[in-house]
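The values are calculated or read from the model by the stated rules, or taken from the named source; none is laboratory data. What you are looking at is a predicted structure, and each value in this text was computed from that prediction instead of being measured. Because the Cβ atoms are built from the backbone with ideal geometry, glycine has one as well, and the counts that use them run over all protein chains shown. Surface accessibility is based on the protein's heavy atoms, side chains included, excluding ligands, DNA and RNA. Shrake-Rupley method; radii C 1.70, N 1.55, O 1.52, S 1.80 Å.
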Amino acid sequence: MIVVGNRAIPVETNKVRLSLKKNSLQVNILPDRQLAGTERWLHHQLLQAIFFGVACLEDVLKRTKGKKDIKFVTAFRDLLFTTLAFPISTFVFLSFWILFLYDRELVYPKALDNIFPVWLNHGMHTFILPFSLVEVILRPHHYPLRKKGLTLLAAACLAYVSRVLWIYSETGTWVYPVFAKLSPGGLAAFFSLSYIFTIGIYLFGEKLNHWKWGDTMQPRKKRK
């Protein structure tokens, strides 16, 4: 709620930007399209930030403790990268740019150029893949059992879809305009095919890791 003079005006806090200019308080109501774009940015960057934060923490602990591996942190780093960071960042890169080149209005309308700078778009949808590939090339990763890895990937995809649907229910705006052109059945098919595509990327990442680092990086097997 914002008080203006003697009046109290209720507002939705997630749609308000406050800024101080000299001695006045300026209130800007964010359009739903910008809110959806902001949510999109948070979805993509949060995962990358968490992964690289864990990787940085691992490197710091190795140096301070003088150990080759910090078991828990290294295992968590590998799990995060193999099941989420690599397959999701690759999927975002491929799906976004394929649709963008076909018709940019489906994923990133030209109007957003006035809201988000070009470098931010590339930060969300381009640089994520090169960083992931560099990680694969420079550092070996232990993959979990395939069933476990795909289950975690499925849970992450389900959480993302739930978040996208919740945003639409709250704002009436889809995170990506392409969703607005699909029927409920079309959306279900789109999300299902996207998950199958992501599984393919996961398996490709597993093979790529094995090709670069050999049998020692094969998925761990259960002990009998």
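Just a few scattered comments:
- Percentage relative contact order, the range 43-177, counting C-alpha pairs under 8 Å, at least six apart: 29
- A Cβ-based charge dipole, computed about the Cα centre of the range 77-162 with Lys and Arg at +1 and Asp and Glu at -1, lands at about 380 debye.
- Surface per residue (accessible, 1.4 Å probe) for the range 70-168, Å²: 51
- Simple Cβ-charge dipole of the range 134-220, Lys/Arg +1 and Asp/Glu -1, about Cα centre, in debye nearest 20: 220
- The mean sequence distance of close C-alpha pairs (under 8 Å, at least 6 residues apart), as a share of the length of the range 108-212, puts its relative contact order at 35 percent.
- Global geometry of the range 98-171, whether rounded, prolate or oblate, following the gyration tensor of its Cα atoms and the 1.5 cut on a/c: oblate
- With 0.36 nm allotted per residue and the present C-alpha distance subtracted, the THR151-VAL134 stretch has 3.6 nm of extension available.
- Protection proxy ranking, highest mean first, for peptides 158-166, 90-98, 135-143: 90-98, 135-143, 158-166, where packing is the per-residue count of other beta-carbon atoms within 10 Å, averaged.
- 32 Å Cα-Cα threshold exceeded, pairs from LYS65/LYS147; LYS62/LYS147; LYS71/LYS147; LYS148/LYS212; LYS110/LYS147: LYS65/LYS147; LYS110/LYS147
- Fraction of accessible area attributable to carbon and sulfur, the range 76-206 (%, probe 1.4 Å): 75
- Between the range 46-66 and the range 149-201, the alpha-carbon centres lie 30 Å apart.
- Peptide packing for 170-178, 144-152, 115-123 was compared via the average number of neighbouring C-beta atoms within 10 Å per residue; ordered from the highest value, the list is 170-178, 144-152, 115-123.
- A simple packing score, the average count of other Cβ atoms within 10 Å per residue, orders the peptides 75-82, 103-110 as 75-82, 103-110, with the highest score first.
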